[in-house]
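Chemist: Sharing a structure with you now.
The values are calculated or read from the model by the stated rules, or taken from the named source; none is laboratory data. Note that the coordinates shown come from a computational prediction; the quantities given were computed from them, not determined experimentally. Here Cβ is always computed from backbone atoms with ideal geometry, including for glycine, and neighbour counts include all displayed protein chains.
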Amino acid sequence: MDSDRWERIQAVFHNAADLPPSEQRSFLEKACGGDESLMADVAAMLEEEARSDSLLDQGMAQVANQLLDPDVPAGPAFGELGPYRIVGVLGEGGMGVVYLAEREDLGIRVAIKLMRDAWLSPARRERFTSEQRMLAQLNHPSIARLYDADTLANGTPFFVMEYVEGEPLTEYCRRHRCSIERRLQLFRSVCEAVQYAHSHAVIHRDLKPSNILVKEDGSIRLLDFGIAKQVESLDRATDQTMTGLRLMTLAYAAPEQIRGSRVGIQSDVYSLGMILYELLAGAPPFDLSNLSTSQAEAVLLEQEPAKPSTKARQGSADGDSTSPAVSKAAWADLDVLCLTAIHKDMARRYRSVEALIRDIDHYLQGAPLEARPDSARYRMRKFITRNQRAVAVTAATFAIAVGLVGFFPVRLAKARNDALAEAARTQRIQRFTLDLFKGGDEAAGPSEDLRVVTLLDCGVQEAQLLSGEPEAQAELFATLGGIYQKLGKYDRADSLLLVALGERKKSLGADNRSVAETLVLLSLLRADQAKYDDAEQFARQGLAMSQRHLPPNHPQVAKATFALGKVLEDRGRYDQAIQVLDQAAKLQSAPRALPADLAATLSELANTNFYAGHYDVSEALNQRVLGMQRQIYGERHPLVADTLINLGAIQFQLGHYPESERFNRQALDIVQSWYGKDHPETADTMTILGQSLTYQQRFDEAAALLKQSRAILEHAYGPVHPRVAYALNELGNVAIRQGTLDDAEAYFRQAMDIYRSVYGDTNYQVGIAQSNLGGIYVERKDYVRAEQLFRDALKTYAKTLASDHSSVAISRIRLGTALLGQRRFAEAQQESRAGYETLTKKASPTVKWLQTARKDLVAEYDALHQPEEAAKFREMAAADSKNAGLAGKK
Amino acid sequence: MEPMASWGNDVLALDRALEGLARIQPRQALMVESRFFGGFDIPETAALLEVSEATVLRDWRAAKAWLAHELRQAEG
């Protein structure tokens, strides 16, 4: 039925209903003019009206009272709610009642929010609980925990949350007469918490002072995260009907929320901006008291807010001195900052909470703001909105792109674990995109199984329509290219970035900051594609060009420096890479830089030091990074897992296998719960954990993990990929220890072939594979072939590694074994001893290779008739086997 | 809160019927929701929706008859 039809039915119904029943029939026949279904519908309605016994008549008052009257006693259900005991009422709002409850077995107090005008049909309960599980994963010191959510037997939903004693942010500032700096600091902590949630694809949607409490110790707690979304998705007639009923938070709702259109991270930016406004000016921008809902909506949608400075002046003129003292010069920046956050056009707001935080930092440090009125992005956005028919899909793609671009600079560092990979988790991105569509044109919206790549492809098509606005088009291409790169679609990324580069050169000239930025993006892509010459060339060009057009400490210069360091690291030029990354870290230690950028660079620096064999430096850096990341991202973030893996790798290199295992298990725990069980990230972490098990002789456990890992990786990347090679290498190591040499050889050869075809002959990974293959021939006592392979490995290393690198030392020890097997004692002794001396400085004495060297040296010195040396190593070798015995008992 | 169980099915059926109505005439659905779920009386509903009381009465009457019919069909 459509609305015309419904109008017609109603018209006939009203006319007929006013007639005496005896005349209704003949009236209907005439009025419907042969439209039998119309007549049947109206007749049925008349019949219902005559009965007056429907639910709507009889049950309504009762139902409404039951649902709405807070005096309806909690009844037995409220005395005990699962494990919680209700002890009092904390408050009542438009949406429900909040109870204070205790959980006696855990000794904690909780707040339980019971939604009173909503219920949940059984079909939706499952989704409700799955969403609440996601929210429960938000683990941030400034976000009140959501412990539980469920429904009463009758379907009434409730949420169990951390109970927070504190006062609303605005009141706290007023009462304590907080300075402007203190206000901004408090506000910044609020932003950080919201940013954290956004990076977990959770949008608050209902930020307001009463949801932001300051505890007595001055710390912040955000309440009700993501609950607004859940409340909106509860079973109700329609979403539209809610806007009328939800009066309480209108003042902080973004225009797009009021209009009922797409809600995104920028809606939270807006609400934050409104709160900031109130903190600065001492009052909200609009006085909505005494206005009806629709009048208030009109004000919020149409009126431009006064500058906060103006509002503050008005306030103090009225004798209301709740706003803090601010100098005239400072107001200029604060006005821009605040008005940018609450711009009615989403596209002109800060594109992410992170950008808002950056500008607050800039303000606090007296640096110029980033907020600029007419960016290319804004022009592009306007173009897209002008083409209104530009389908919901574009809008959503665009919003994702914009949302994700906000994360870009922070995470470029970690190709594996950035916000994009994070958001690309299929389920999460689906939910995220569906969120973006919610309230939009649902008929044009995506189907349930629409993947992010499909959305991106649509975005590209739409971008091609932007040919009239080359700059905007180039920006969109570059953005989309970056996303494809993060998703591992290198070919697609490649062509888009090249198009973007070409467009920018054509419209802006060959030498400017935009071209420089594109070159840097391309260099990182080339590095991912293992095309290192191109990568380095692009990085150097991009850096030089950025330096020419920007001040020396500009973030883009730091980013370009970082990119060059990363490329040098990837191609194995560690000394140069360390120098360059050090420089990037220095730039990013400047006061206005973001700690997350610095953490990313330090992490890369730690990696480079690791590869270069400087384990102590690497460990110290990684510990520092770990602390920073936990602070920035929380305990259970993939970046934290990454750093744990790095720390595990260091322990592994030092021969501390149980310590290594411990780090790796912590990492696997995080990664698995973040990405899911079948994700390549999980597979990689399994491989690494398998390695630390192998070296503790737990072969069956290790092999099981590694096979699982290889299957996941081959499925994800195809058979020729370094990650697959890495898993194969580990499978080979296990096989060799289990004595299945043919299997081991097959694994090592496959790994070597993959490394060769990906990296060429000079990469140290190829050397490791050669060295491992040599180990097989040692086991088979084919010492001649073993010798050849070890010498090949050393030749490969000579091109990329320093002579005192532990991989070099290990290969020399292994070469010693191969020579000993050929009874070439003098040469053998030379290799064993040299390798031994180098490795002793780098690794713990219990490392397997040192033990091998000692055993070999005993035999060699015996054969060379050097009894003193032999005795020295014999004694140490005896200690080794004693230790091995002890370890075995553990 | 117990009575809910006894008329729970009806309410769910009503919810579905309301969704249908909301698609073609959101204002009317909102009105039913305010009246039925919100417990608003006629003047309150009129104020909320910014329409005259007569319009509320008229819309309510038709919507009620229509929804009752839908519910009966749902019961089958």
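Chemist: For residue A:610, only one of the following conditions fails: (1) closer than 21 Å to residue A:684 by Cα; (2) touching a Lys or Arg at 6+ places or on another chain (Cβ under 9 Å); (3) free of Cβ contacts under 8 Å to residues at least 60 places away in the same chain. What is its number?
Modeler: Residue A:610 satisfies all of (1) closer than 21 Å to residue A:684 by Cα; (2) touching a Lys or Arg at 6+ places or on another chain (Cβ under 9 Å); (3) free of Cβ contacts under 8 Å to residues at least 60 places away in the same chain except (2).
Chemist: From the set of residues in region A:3-18 that are modelled with pLDDT of 85 or more and within 7 Å of chain B (Cβ to nearest Cβ), which is nearest to residue A:39 (Cα to Cα)? Spell out how you get there, then give the answer.
Modeler: As a first pass, look at region A:3-18 and keep what is modelled with pLDDT of 85 or more: A:4-16.
The next check asks that each one be within 7 Å of chain B (Cβ to nearest Cβ); those that pass are A:6, A:10, A:13-14.
On the way: A:6: 13, A:10: 11, A:13: 9, A:14: 13 Å.
If we take residues in region A:3-18 being modelled with pLDDT of 85 or more and within 7 Å of chain B (Cβ to nearest Cβ), then A:13 is nearest to residue A:39 (Cα to Cα).
Chemist: Say whether the condition of being at pLDDT 80 or above and crowded, with 22+ Cβ neighbours inside 10 Å is met by at least one residue in region A:483-496.
Modeler: Yes, region A:483-496 has at least one match.
Chemist: Checking residue A:662 against (1) at pLDDT below 95; (2) outside any loop (DSSP other than H, G, I, E, B), which test does it fail?
Modeler: Going through (1) at pLDDT below 95; (2) outside any loop (DSSP other than H, G, I, E, B) one by one, residue A:662 breaks only (1).
Chemist: Could you name every one of the helices (runs of 4 or more DSSP H) located completely within region A:29-121 that has at least 3 residues being at pLDDT 75 or above, on the phi < 0 side of the Ramachandran plot and facing another protein chain (nearest Cβ under 9 Å)?
Modeler: So the answer is A:36-51.
Chemist: Ok, one more. Considering every residue within region A:197-205, establish whether at least one is of a type outside the set (Phe, Trp, Tyr), more than 27 Å from residue A:331 (Cβ to Cβ) and modelled with pLDDT of 90 or more.
Modeler: No, there is no match, as no residue in region A:197-205 is of a type outside the set (Phe, Trp, Tyr), more than 27 Å from residue A:331 (Cβ to Cβ) and modelled with pLDDT of 90 or more.
Chemist: Output the qualifying pairs, or none if there are none: Cβ atoms under 8 angstrom, residues six or more apart or on different chains, first residue in region A:291-308 and within 12 Å of chain B (Cβ to nearest Cβ), second residue of a type outside the set (A, V, I, L, M, F, W, C).
Modeler: A:292/B:50; A:293/A:244; A:294/B:50
Chemist: Would you kindly identify the helices (runs of 4 or more DSSP H) lying entirely within region A:302-378 that contain at least 3 residues that are modelled with pLDDT under 80? Write out each step before concluding.
Modeler: Values: elements: A:308-317, A:328-341, A:353-364.
By residue number, A:308-317, A:328-341.
Chemist: Of the residues A:299, A:269, which is modelled with pLDDT of 85 or more, surrounded by fewer than 18 Cβ atoms within 10 Å (Cβ to Cβ) and under 20 Å from residue A:338 (Cα atoms)?
Modeler: A:299
Chemist: Starting from residues that are small (Gly, Ala, Ser) and surrounded by fewer than 19 Cβ atoms within 10 Å (Cβ to Cβ), keep the ones in region A:530-555 and report whichever is modelled with the highest pLDDT.
Modeler: Among residues in region A:530-555 that are small (Gly, Ala, Ser) and surrounded by fewer than 19 Cβ atoms within 10 Å (Cβ to Cβ), the one modelled with the highest pLDDT is A:544.
Chemist: Right, another one. Looking at region A:628-637, can you tell me whether even one residue there is at pLDDT 85 or above, part of a helix (DSSP H, G or I) and of a type in the set (Phe, Trp, Tyr)?
Modeler: No, that holds for no residue.
Chemist: Name the residues in region A:802-839 that are surrounded by fewer than 19 Cβ atoms within 10 Å (Cβ to Cβ) and under 41 Å from the mean Cα position of the chain (by Cα), would you?
Modeler: If the condition is that a residue be surrounded by fewer than 19 Cβ atoms within 10 Å (Cβ to Cβ) and under 41 Å from the mean Cα position of the chain (by Cα), then A:802, A:803, A:804 are the ones that fit.
Chemist: Out of the residues in region B:36-46 that are more than 7 Å from every other protein chain (Cβ to nearest Cβ) and surrounded by 16 or more Cβ atoms within 10 Å (Cβ to Cβ), which is modelled with the lowest pLDDT?
Modeler: B:40
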